[in-house]
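A short write-up of the structure that comes next.
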Amino acid sequence: MKKHLKMANLSYSVKLGSDCLNKLRQILDSPTFTTTNIDGKHVCQIGQSFLQSSSLPDQISHLKQLVTLAVHRNTSQATVELVLQFLLSMYFDAEIQKSSLYKPIAKCLDSIDEAITQRMYVGKVDIKRLILDQAKKATTGKEFISSVKCLAESPIQTVRYQTVTHHFSAIVTAFIPHLIACLQQLAPDRNGRNAKAHIENVSLAHTACQIFFRLLSMPGHSKEQALECCQKVKPLLVEALLKGYGNMDLLISIGLCIAQLTNRESDGEDEGDVLNKVELLLTRDSAVTDQHFVQCCLLNGIISCFKHCPLALHQLILHTCCHLTTVKMNTTNLLVFMKMLVTWTSSLSREPQGRDFIEQEAYQPLLSYLWLVWEHSSETVRQSSREVFANLLRSVSSNDMRLETLQFLKKYSWLHKGKYGFLHEYVLIAGVEETLLHLSEPGATSLLLEILGYIKYQHLANYVSEFVCCIMKCDKKAHSYTPAEWTERWLIPLVEAVEGKPDTRTNVSQNLLPRIIKVWPETIVELLRRMADDKIGSSEQVALSYNLPASSHDQSADIYLMLARRARTSGLLSEEAQDEETWCGVLNRKRIDSSLHSSCPKRRLSAFALVCESHKTSCAIQKDEFKWVSEFVRDNSYHSDASFRQQMLSHLKHFLYHVLESNRKLDSVSQRPYQEFLRALGMMQVERLATSSLANYRIIGLEILNLLSNIFPFGTFSEH
C-alpha cells in the first residue's frame, strides 16, 4: 500500500509558486533566448516544456536536458549563465526547497560546475559568483536567511558549499544585518496580542543563529573578521540570552554563537586571557532569565566550541558544574545541564589527558550528582545520566574505582529503575564476567531469579528486560556456547523464575521474550523442543525433568504455551513440518490438545490463541488446526464470562482472516477442507440459534455468523 501511495505521489508534478513562475518566465523571455542562435531557442523550448510538465519525472527529464545543453562545448557563455539563473531561481525558492524537485536541481548545479571546472569555460563562467548574486536577490530577510541556509548546509564537496567559503566575507557581511534585525524583534509581547508573530520571530531567529554558528565554524576567515562580528553582534546576543528572549532551543543556539565568537576572538591569546574571557561570560548577571539557565547555555557553548581545552579551563568548567549541582533546577534547566555534561564527558573520555582529569578530579563529584538524577521523572534526563555514567566509567583505569562503583550500585534496591540503566552501561564497559562475579556470587542463575521477581511491576518491565538481554547478549559474545548450552545457562533458569508467578508472565511475554528472540532465536526453539519431549501423562515425571515440585506442572504448561505463541508469532516454527506427535516441527500435539480441554479457562484461551496465531497469513492451514478451532468454539461458546467470549471471538477473527488469505493461493481441490470448515462452523451457529434458549449462547452464534458474512462475502467460494 505504501509503495502504491509513493508511486502515486511521484506521478504529480511539483507546483511552482506565482513568484517563482514569474522569475522563470522573465528568464525565458530574456534577449538571449529570443535570438536566432540554435542553443538559445532549444533552451527556451525545454524551459517552456518544463513549466508545462504534468509529472515529476517529466520535470526532472527536462532539467537534465538543460544540463546537457549547458555543458556542451558549443553553447555560448550567456546561455550557460541564464540556464544557471533558471536553476538557481528554483533552488532558492522556499516552496521548492520542501518539494521532491529540490535535490534534482541541486544535482544539476553540481553537474554543471563539474563540467565547467574540468573541461570548459574556465575563467569565463563564475558559477560561485552567480550563486552569490542570486542569493542576494532575496527581497526579505527570511528569504536571504533561507538562501544562506541552503548553501551552508550543503555537502562540503559541492559548489554550493564552496560558494560560502569562497565568498565568506561577502556572505557574512550581508548576513549580519538580517541577524541583528531578528534579534531586535525578539522582545516578547507582554500582552500576548501578537503571539503568532512572536513565535514566527523566535523560529526565524533560531534558524539565523544556527546558520551564523555554522558560518563561524567554517575555516578560512581571519581574526579581524571575527572581531568585526563580535563588535556588531555579540552585545545583542548576550542581551537576548540574559533577558531570556525566545524558547530553550533559541537560547541554546545563542549560547553556542556567543561561545564561538569568544573562541574566535581569542585565537592566538595566552591561556590566562582566554580563561578571563570565559569566566567573565559565566559570571554575568541575568536580568530576566534564571542565572543557572544562562550558565548552562554558555557552558554548553564553551564545551562545544573550545577544542583542546587547557586543564585550567576544564577545572573552571568543573567548578561551575559543581556549583550548579548544589542548586535546585527545573526540568528545562536540567535538560540543558545534562546535555552539556554528556558533551563534556564524551569529549574528555576520548583524550588521554581528559581521562586523567576525570579520574583524578571529576569522577567522584559528577558521580555523586548522578545518584540524584538517575530517577528523574524525565526520560531524557535519565538517559543523559546513563550516558554521563558511561563516559565516566570509560575514563577510569583503576579497577578498584570501578568495583567500588559497582558495590555502591549493588546497595540500591532493584525497585530503582535507574539502577538497571547504570548496570547496563557497566556490563558493556567492564564485561559480563566481572559484573556477574561481584553482583551475584552464585552466578547468572541466582541473578536472573532475583531480577525477574521485579518484572511484574509495569514501570520496571522494560528496564528489567533490557538489562537481562544485555547480560545475555554480552555473555553470548564472550563465550562459544552451543544453542543447547546457552539454553541450559539462561532459558531453563528463566522458566524456573517464572514458575509459580502468574503476575510476571504477561510482562515476560510482551517485554522480555521479543528481546531474547533477537539475541538468539534458535534457543527458543531448543527450549520448546526440550519441553515437548516431556510426557504429559505423569505430572511427577514432568516435574522431575525440570527439578521442580510436582505442583508446578500446571504452571509449566502455561509457560510452554506462552513460549510457543511467541515463537510462532516471530516465525521461528516450521508451519508445514507435521507428524503424528509434533505440530509446527517442535510443539507437542498432546500438550496442545490437553491445554485446549483444560479445566483452567485462561489456559484454554492461551492454547486457542496459539492455534489461531500465524506468522504469515498466507501459509497453509493444517487439518488439526481446523479440528481444534471447531471443537473449541463448540465447547466454549457457553462460557459465562463476557471477557472470555470476546477474547475467543478476537482470536477466531484472526484465524478466519488467515483462512481467507491462505485460501487465495490454493486450487479447488485444496480448498475443500477450508470450505468444509466454514460450512460446519456456520451451520453450528444456525443450529444454535434454532435450538438454544440461552441468550449468551444465541448472541455468540450471531456474532460468529456476522464475522463469517463480513470476512467471506457471498461468492467467495463460488456456489458455496
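Restricted to region 396-415, and to residues that are more than 11 Å from residue 439 (Cα to Cα) and open to solvent by 80 Å² or more (accessible area, probe 1.4 Å), which residue is nearest to the chain's Cα centre (by Cα)?
Checked region 396-415; the qualifying residue nearest to the chain's Cα centre (by Cα) is 415.
From the list 460, 513, which one is touching a Lys or Arg at 6+ places or on another chain (Cβ under 7 Å), open to solvent by less than 10 Å² (accessible area, probe 1.4 Å) and farther than 25 Å from residue 374 by Cβ?
Testing whether each residue is touching a Lys or Arg at 6+ places or on another chain (Cβ under 7 Å), open to solvent by less than 10 Å² (accessible area, probe 1.4 Å) and farther than 25 Å from residue 374 by Cβ leaves just 513.
Please go through region 159-191 and pick out each residue that is open to solvent by 10 Å² or more (accessible area, probe 1.4 Å), among the hydroxyl-bearing types (Ser, Thr, Tyr) and touching a helix residue (DSSP H, G or I) at 6+ places or on another chain (Cβ under 8 Å).
161, 169
Quick one: would you say residue 606 is within 35 Å of the chain's Cα centre (by Cα) and of a type in the set (Ser, Thr, Tyr)?
Yes.
Taking residue 146 as the residue in question, decide whether it is among the polar types (S, T, N, Q), over 18 Å from residue 28 (Cα atoms) and not in a helix (DSSP H, G or I).
Against the criterion (among the polar types (S, T, N, Q), over 18 Å from residue 28 (Cα atoms) and not in a helix (DSSP H, G or I)), residue 146 does not qualify.
Please identify the pairs in which a residue from region 660-685 that is assigned to a loop (DSSP other than H, G, I, E, B) has its Cβ atom under 7 Å from the Cβ atom of a residue that is crowded, with 16+ Cβ neighbours inside 10 Å, counting only partners at least 6 apart or on another chain.
Going by the 7 Å Cβ cut-off, the qualifying pairs are 671/663.
Can we say residue 317 is under 17 Å from residue 388 (Cβ atoms) and more than 31 Å from the chain's Cα centre (by Cα)?
In short, yes.
Would you check if there is a residue in region 323-330 being of a type in the set (D, E, K, R) and touching a residue at least 40 places away in the same chain (Cβ under 8 Å)?
No: region 323-330 contains no residue that is of a type in the set (D, E, K, R) and touching a residue at least 40 places away in the same chain (Cβ under 8 Å).
Keeping to region 477-503, report how many residues are open to solvent by less than 20 Å² (accessible area, probe 1.4 Å), in contact with a Lys or Arg (Cβ under 8 Å, 6 or more places away or on another chain) and at pLDDT 85 or above.
The qualifying residues number 2.
Which of the following residues is within 36 Å of the chain's Cα centre (by Cα), open to solvent by 10 Å² or more (accessible area, probe 1.4 Å) and closer than 20 Å to residue 336 by Cβ: 246, 255?
246
Sort out which residues of region 653-677 are open to solvent by 20 Å² or more (accessible area, probe 1.4 Å), modelled with pLDDT of 90 or more and over 15 Å from residue 616 (Cβ atoms), and write them in order of number.
Correct list: 653 only.
Going through 470, 474 one at a time, which residue ends up being surrounded by fewer than 21 Cβ atoms within 10 Å (Cβ to Cβ) and part of a helix (DSSP H, G or I)?
474
For region 68-101, name all the residues that are open to solvent by 20 Å² or more (accessible area, probe 1.4 Å) and farther than 20 Å from residue 22 by Cα.
Result: 68, 69, 71, 72, 73, 74, 76, 77, 78, 100.
So that you can scan it fast, the table gives a plain yes or no per residue for (1) touching a helix residue (DSSP H, G or I) at 6+ places or on another chain (Cβ under 9 Å); (2) in a helix (DSSP H, G or I):
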site	(1), (2)
207	yes, yes
210	yes, yes
214	yes, yes
219	yes, no
225	yes, yes
230	yes, yes
235	no, yes
240	yes, yes
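So which pairs qualify, if the first residue must be in region 12-25 and open to solvent by 30 Å² or more (accessible area, probe 1.4 Å), the second must be part of a loop (DSSP other than H, G, I, E, B), the Cβ gap must be under 6 Å, and the two must be at least 6 apart or on different chains?
13/53; 13/54; 13/55
Going residue by residue through region 523-540, is there one that turns out to be of a type in the set (Lys, Arg), at pLDDT below 90 and open to solvent by less than 50 Å² (accessible area, probe 1.4 Å)?
no
Conditions tested, residue by residue: (1) over 29 Å from residue 376 (Cα atoms); (2) in contact (Cβ under 8 Å) with a residue 40 or more places away in the chain.
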{"position": "420", "(1), (2)": "no, yes"}
{"position": "427", "(1), (2)": "no, yes"}
{"position": "452", "(1), (2)": "no, yes"}
{"position": "457", "(1), (2)": "no, yes"}
{"position": "483", "(1), (2)": "yes, yes"}
{"position": "486", "(1), (2)": "yes, no"}
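When you look at residue 697, is it outside any loop (DSSP other than H, G, I, E, B) and in contact (Cβ under 8 Å) with a residue 60 or more places away in the chain, yes or no?
When the stated conditions are applied, residue 697 passes them.
For region 351-395, enumerate the residues that are surrounded by fewer than 19 Cβ atoms within 10 Å (Cβ to Cβ) and in a loop (DSSP other than H, G, I, E, B).
Once the filter is applied, which keeps residues that are surrounded by fewer than 19 Cβ atoms within 10 Å (Cβ to Cβ) and in a loop (DSSP other than H, G, I, E, B), region 351-395 yields 351, 375, 376, 377, 378.
Out of region 141-163, which residues are in contact with a Phe, Trp or Tyr (Cβ under 9 Å, 6 or more places away or on another chain) and free of Cβ contacts under 8 Å to residues at least 24 places away in the same chain?
151, 155
Condition (residue is touching a helix residue (DSSP H, G or I) at 6+ places or on another chain (Cβ under 7 Å), closer than 15 Å to residue 368 by Cα, surrounded by fewer than 18 Cβ atoms within 10 Å (Cβ to Cβ) and not aromatic (Phe, Trp, Tyr)) applied to region 304-317: is it met by at least one residue?
No, region 304-317 has no match at all.
If you check residue 176 against the conditions, is it part of a helix (DSSP H, G or I) and aliphatic (A, V, I, L, M)?
So residue 176 fits the description; yes.
Would it be correct to say that residue 29 is modelled with pLDDT under 85 and surrounded by fewer than 14 Cβ atoms within 10 Å (Cβ to Cβ)?
Yes: the conditions hold for residue 29.
The values are calculated or read from the model by the stated rules, or taken from the named source; none is laboratory data. Just so we're clear, the structure is a prediction, and the values are computed from it rather than from any experiment. Positions of Cβ are generated from backbone atoms using ideal geometry, with glycine treated the same way; all protein chains shown enter the neighbour counts. All accessible areas refer to the heavy atoms of the entire protein, side chains included, with ligands and DNA or RNA removed. Shrake-Rupley method; radii C 1.70, N 1.55, O 1.52, S 1.80 Å.
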